[in-house]
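Right, one structure below, let's go through it.
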Amino acid sequence: MDQAQTKRIVLGITGGIAAYKAAELARLLVKRGIEVQVAMTEAATHFITPATMQALTGKPVLLDQWQDANGMAHIQSSRVADAIVIAPATADFIAKLASGLANDLLSTLCLARDCPLLVAPAMNKQMWANSATRRNVRQLAADGVMLLGPASGVQACGEEGMGRMLEAEELAREVAALLQGSDSLNENSLTLALSRRERGQERELAGVKVLITAGPTYEAIDAVRGITNRSSGKMGYAIAQAALEMGAQVTLVSGPTALSKPLGARAVDVTSAAEMLAAVQQNVAQADMFIAVAAVADYRVAQPSAQKIKKSDASLTLELIPNPDILAYVANLPQPPFCVGFAAESEMLREHATAKRIKKNIPLLAANLAQNAIGSDDNELVLFDDAGEHLLPRADKLTLARALLHHIIKLKFNLQI
Ligand code: CTP
C-alpha cells in the first residue's frame, strides 16, 4: 500500500481489565496494514505495559501531554489520524468524553480531533446500566461518536451481563470497514455514521433492553402427554438475534424448541404458559420493549394427572381452563414497555389482526397467515399500527426480524435512544 493510502488510527487505551484485548486489536490492525499510534491513560498502564504496545505497533506510546518537547502531541497526533478508536473505554472515560473534558493526553487528543471517534465500552454491567452512563452514552451518540458494543457475557467480576468489550476480531473488522468506507476520512463522524447506517451496520438498539417470548408452550395432560402447537420458535429467535446485532440486551423466554440460543442472549427456558408468565413477570420491570412471539397455548388441563392415564373403553373428557394472556398482562401494566404482539391467522388476516391489536391494547401487531409460516425459514408479515398497515414482503425470518425492529425504532425509539 502506498504511503498516501495508508490509514492511520490512534488507539486509545483506558484503565480497565479489557485493556489486555487492546494488544490483540493493535496486532490485527497492524496486520491489515493500518498504522497504529497507541495513546494510554495512566490507569491503562496498570493493566498492560506501554512496552507491549510499542513492540506490537513499532511506535513509542503517547502517555502524557508533557512528554514531548513542545506539548503539542495532542494536536499533532489527531491531525494525522483517520480515526481515533478508544478500546477499552471505561465508564469514567466515557463520562469525560460526554462532558468534553481534556485533563489528560488521551481526552485532549479526542477533544482536539478532526476525525471520527469510535468508542468500545467495557465495564461491569451495573456501571453500564447506571443512569449516568446511559445519559453519557446518549450524549456521545448525539455528538456523532460511534459506539462499538458492548456485548453481553461473563465479566471479569464473575457476574454475567451487558458491558463486556467486543472481541478484538470484531473491533478490527469494524474499524477496517469504517476506514474502507470513505476515501476522505477527515470528515465528521456523523457523516460516517450515516454511511454506516446505509450499510446497515449501525447498532441502533445499544443499551435498549428487549424481552422476547418465543416458541410453543406445553401443557401437561399427564406424566407423558401434553397439549402443544406447531410453533418452531424460529421467528422469535430471529428477532432475538437481530436485536442482539443492533446492540440490544436481550432476554429470551422460550418454550420447548429444537433451536440453539442466539449467542449473547439471556435465555430463560420454560415449558408451560404459567411458567412463561412467571418468567416474564420477573423480567418485565427492566424491559424497554416486549415482543410476544410465543404461540402460547390458550388453554391448559384443569387437573393434569401426575401418573400416566391408562386407556379404557370409556370415553375420556379433559376439562380445559383458559391460560393467562401474557401479552395483555404486560400491555396493561401501569408503565408498560413498548409492546409488540404477533398473530397467526388462517383467514381474514386484516380483520382478525386489527381486532386483536385493539383488544390487547398494543401499539403494534405483526400478523401472518399461519399456513405460510409454521416451521418455514421464511415468511411474510403485515404490521398493524396507528398509522395503518405495512407489508414486510416475503424474506427469511432474520431479514424480517431486522425490518420489524427498524419499524419499531421508527415508531418509538428514534427520539429516546
Ligand atoms: N399471547 C400471550 N399469551 C397468551 C396468548 C397469546 O402472550 N396466553 C400473545 C402471543 O405471544 C401473540 C399474541 O398474544 O403475541 C397472539 O394473540 P392471541 O389473541 O392469543 O392469538 P391467538 O392465540 O392466535 O388468538 P386466537 O386463538 O383467538 O386467534
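The values are calculated or read from the model by the stated rules, or taken from the named source; none is laboratory data. These numbers come from a predicted model, not from an experiment. For neighbour counting, all protein chains shown are included, and Cβ atoms are generated from backbone atoms with ideal geometry for every residue, glycine included.
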>> Please go through region 332-355 and give me each residue that is aliphatic (A, V, I, L, M) and either more than 12 Å from the ligand (Cβ to nearest atom) or more than 39 Å from the chain's Cα centre (by Cα) (or both), ordered by number.
In response: 333
>> Can you report the number of residues in region 288-307 which are touching a helix residue (DSSP H, G or I) at 6+ places or on another chain (Cβ under 6 Å) and over 22 Å from residue 327 (Cβ atoms)?
In response: 0
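Somewhere in region 304-319, is a residue within 16 Å of the ligand (Cβ to nearest atom) and surrounded by fewer than 18 Cβ atoms within 10 Å (Cβ to Cβ)? Can you show your working first?
Looking only at region 304-319, we keep the residues that are within 16 Å of the ligand (Cβ to nearest atom), and these are none.
No: zero hits.
Let's see how each residue does on (1) assigned by TED's automatic domain parsing to the domain that holds residue 273; (2) modelled with pLDDT of 95 or more; (3) β-branched (Val, Ile, Thr):
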site	(1), (2), (3)
340	yes, yes, yes
347	yes, no, no
364	yes, yes, no
371	yes, no, no
377	yes, no, no
393	yes, no, no
399	yes, no, yes
> Restricting region 144-159 to residues that are in contact (Cβ under 8 Å) with a residue 24 or more places away in the chain and over 15 Å from the mean Cα position of the chain (by Cα), which is surrounded by the most Cβ atoms within 10 Å (Cβ to Cβ)?
Replying inline: 145
>> The conditions are (1) polar (S, T, N, Q); (2) assigned by TED's automatic domain parsing to the domain that holds residue 223; (3) away from the ligand (no atom under 12 Å from the Cβ), and residue 323 fails exactly one of them. Which is it?
In response: (3)
>> Show me the strands (runs of 3 or more DSSP E) entirely contained within region 259-349 in which 2 or more residues are touching a residue at least 60 places away in the same chain (Cβ under 8 Å).
In response: 289-292, 299-301, 338-345
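Among the candidates 6, 52, which residue alone is of a type in the set (S, T, N, Q) and at pLDDT 95 or above?
The match here is 52.
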> If you go through region 1-20 one residue at a time, how many are surrounded by fewer than 23 Cβ atoms within 10 Å (Cβ to Cβ), in contact with an Asp or Glu (Cβ under 9 Å, 6 or more places away or on another chain) and outside any strand (DSSP E or B)?
Replying inline: 3
> Going through region 361-402 one residue at a time, which ones are crowded, with 18+ Cβ neighbours inside 10 Å and part of a helix (DSSP H, G or I)?
Replying inline: 373, 397, 398, 400, 401, 402
>> Any residue at all in region 230-251 that's without any contact (Cβ under 8 Å) to a residue 24 or more places away in the chain, in a loop (DSSP other than H, G, I, E, B) and not polar (S, T, N, Q)?
In response: no
>> Return the residues of region 311-331 that are more than 35 Å from the chain's Cα centre (by Cα) and of a type in the set (Gly, Ala, Ser); say none if nothing qualifies.
In response: 312, 314, 315
